[in-house]
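Novice: Before I ask anything, let me first share the structure, which is written out below as structure tokens.
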Amino acid sequence: MNKKKLYFVTNFTVKNPYDKVSEQVELFREKGFKVKYIDTTENVSALKKILGRLPFINSNVNLNDLKKIEDNSCIYIRYFQSNHKLISCLKRLRQDRHNLKIAIEIPTYPYDDEFKKSSILNRIKSYPIFLKDKVTRKELYKYVDRIITFSDDKVIWKIPTINISNGVNLDRIPIRNIENHTNVINMIAVAKFGFWHGYDRLIKGLGQYYQTNKKHRNVKLYLVGSGDKKVEKEYKRLITKYNLNEKVIMTGKKIGPDLDNLYNRCDLGIDSMGRYRSGVTYNSTLKGKEYLAKGLPIVSGVKTELDTMPDFKYYYRVPADDSPVDVEKIVDFYDGIYRNKDKQNIANQIRKFCQKNFTFEKCYKEIIDWYQS
């Protein structure tokens, strides 16, 4: 039996065999698809990339390989923002081939506020791309069958959605080996810092906790990663303001064994605290699933699929606003999980929950079934 062809389209070259896109491609292959990976930045010169930022020029993507797609094939586009060139290409495909199945994955939705509330320099640099996307995405419904989203929206831009959760490959993520057998409550937040992560709320909360609670516990926060320099500067300012240099540790980017060692000493995984700042009210985060794979309870500032799973007791959500996080409640959450219990056993339970609900195969099943139907 001939394998069904699937064209996986992105706007970057995959270099790491263990990143999310590589995992997606590999899963499609395991499920019987003949996958061709298309990088739309391939053979695009630096000059064309620069010109592509102008309002009415669309030379920053190479869609020639899309034009060669056969009928009765599947197309999976990891969204790189729309422009006239993409619309024109999809229109031609639909005119010539009537049995294509076309889906677009939107990693974050809605995403306009990520642009609108970013730095002035970034807005100036990205405005032409944002404008072209804003205008042309209204035409996508004519040519696209499904939007794949990690939100809870049922329709986006007049296109029906397939709602999925982010998934992980547990073979790539070792469970943490508990090192913290002390009374220190160690929290970890791993991210490429943006304004929507909102960890300033937790730093402020820690500051207030230590200032007002005379019988405070020893609570520490590890901020792991790098990102927006303005955001990092604000974190450092708050750490100094509240005299938290020994309580909030900015480690910089960590990978491999260095990151694993940090996970081993931590008790709680901190998900995004400020997604409301970018207009997002529901989000299935990849980082949250990585925390689960590690065996960490999660604290979130945005509604996730875990809100619909009340039997999972290792999850706590703080209000979605600019108020400082109430660290006293975080401590209560911690005690409710770990007091008089074996931490390694807790980690094992959380990982089993992840294995049951959030593997790549589990999360992408509906997409695969739709393509194969």
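Novice: Would you confirm whether or not segment 138-158 contains a residue that is closer than 30 Å to ASP258 by Cβ, among the small types (Gly, Ala, Ser) and touching a residue at least 24 places away in the same chain (Cβ under 8 Å)?
Specialist: no
Novice: Does PHE150 count as within 28 Å of LYS5 (Cα to Cα), surrounded by 13 or more Cβ atoms within 10 Å (Cβ to Cβ) and either in contact with a Gly (Cβ under 8 Å, 6 or more places away or on another chain) or not acidic (Asp, Glu) (or both)?
Specialist: yes
Novice: OK, next. Just one of GLU179, GLU139 is more than 26 Å from TYR364 (Cβ to Cβ), acidic (Asp, Glu), in contact with a Ser or Thr (Cβ under 9 Å, 6 or more places away or on another chain) and open to solvent by 10 Å² or more (accessible area, probe 1.4 Å); which is it?
Specialist: Exactly one of GLU179, GLU139 is more than 26 Å from TYR364 (Cβ to Cβ), acidic (Asp, Glu), in contact with a Ser or Thr (Cβ under 9 Å, 6 or more places away or on another chain) and open to solvent by 10 Å² or more (accessible area, probe 1.4 Å), namely GLU139.
Novice: Here is a further query. Filter segment 208-226 down to residues that are out of contact with any helix residue (DSSP H, G or I) (no Cβ under 7 Å at 6 or more places or on another chain), more than 20 Å from TYR291 (Cα to Cα) and not hydroxyl-bearing (Ser, Thr, Tyr), then give me how many there are.
Specialist: Here the count works out to 5.
Novice: Suppose we keep only residues that are β-branched (Val, Ile, Thr) and assigned to a helix (DSSP H, G or I) within segment 348-373. Which one would you say is farthest from PHE312 (Cα to Cα)?
Specialist: By that ranking, first place goes to ILE368.
Novice: Of all residues being touching an Asp or Glu at 6+ places or on another chain (Cβ under 6 Å) and among the hydroxyl-bearing types (Ser, Thr, Tyr) in segment 266-295, which is most open to solvent (accessible area, probe 1.4 Å)? Just the residue, please.
Specialist: TYR282
Novice: Then there's this: Quick one: in segment 160-189, of everything that is more than 23 Å from ARG78 (Cα to Cα) and in contact with a strand residue (DSSP E or B) (Cβ under 9 Å, 6 or more places away or on another chain), which residue is modelled with the lowest pLDDT?
Specialist: ASN180
Novice: Within segment 261-318, take every residue that is in a loop (DSSP other than H, G, I, E, B) and among the small types (Gly, Ala, Ser) and give me the one that is nearest to LYS356 (Cα to Cα).
Specialist: Restricting to residues being in a loop (DSSP other than H, G, I, E, B) and among the small types (Gly, Ala, Ser), the top hit is GLY295.
Residues are listed down the side, and each one gets a yes or a no for (1) within 20 Å of VAL280 (Cα to Cα); (2) in contact (Cβ under 8 Å) with a residue 24 or more places away in the chain; (3) not in a helix (DSSP H, G or I):
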{"position": "ASN183", "(1), (2), (3)": "no, yes, yes"}
{"position": "ALA189", "(1), (2), (3)": "yes, yes, yes"}
{"position": "ASP200", "(1), (2), (3)": "yes, yes, no"}
{"position": "ILE203", "(1), (2), (3)": "no, yes, no"}
{"position": "TYR209", "(1), (2), (3)": "no, yes, no"}
{"position": "LYS214", "(1), (2), (3)": "no, no, yes"}
{"position": "LYS220", "(1), (2), (3)": "no, yes, yes"}
{"position": "LEU223", "(1), (2), (3)": "no, yes, yes"}
{"position": "GLU232", "(1), (2), (3)": "no, yes, no"}
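Novice: Then there is this: Return yes or no: is SER278 more than 26 Å from VAL184 (Cα to Cα), of a type outside the set (A, V, I, L, M, F, W, C), touching a Pro at 6+ places or on another chain (Cβ under 9 Å) and at pLDDT below 95?
Specialist: Here the answer is yes, as SER278 does meet what is asked.
Novice: I'd like the residue in segment 319-334 that is surrounded by 16 or more Cβ atoms within 10 Å (Cβ to Cβ) and in a loop (DSSP other than H, G, I, E, B) and, out of all such residues, is farthest from the chain's Cα centre (by Cα).
Specialist: Once the filter is applied, the top-ranked residue is PRO324.
Novice: For GLU30, state whether it is at pLDDT 80 or above, exposed (fewer than 14 other Cβ atoms within 10 Å of the Cβ), of a type in the set (Asp, Glu) and closer than 24 Å to ASP171 by Cα.
Specialist: Here the answer is yes, as GLU30 does meet what is asked.
Novice: Now a separate question. Answer yes if at least one residue in segment 88-102 is assigned to a loop (DSSP other than H, G, I, E, B), of a type in the set (Gly, Ala, Ser) and open to solvent by less than 70 Å² (accessible area, probe 1.4 Å), and no otherwise.
Specialist: no
The values are calculated or read from the model by the stated rules, or taken from the named source; none is laboratory data. The shown structure was predicted, so the numbers you read here are calculated from the model rather than taken from an experiment. Here Cβ is always computed from backbone atoms with ideal geometry, including for glycine, and neighbour counts include all displayed protein chains. For the accessible areas, the whole protein counts, side chains as well, though only heavy atoms, and no ligand, DNA or RNA atoms are used. Shrake-Rupley method; radii C 1.70, N 1.55, O 1.52, S 1.80 Å.
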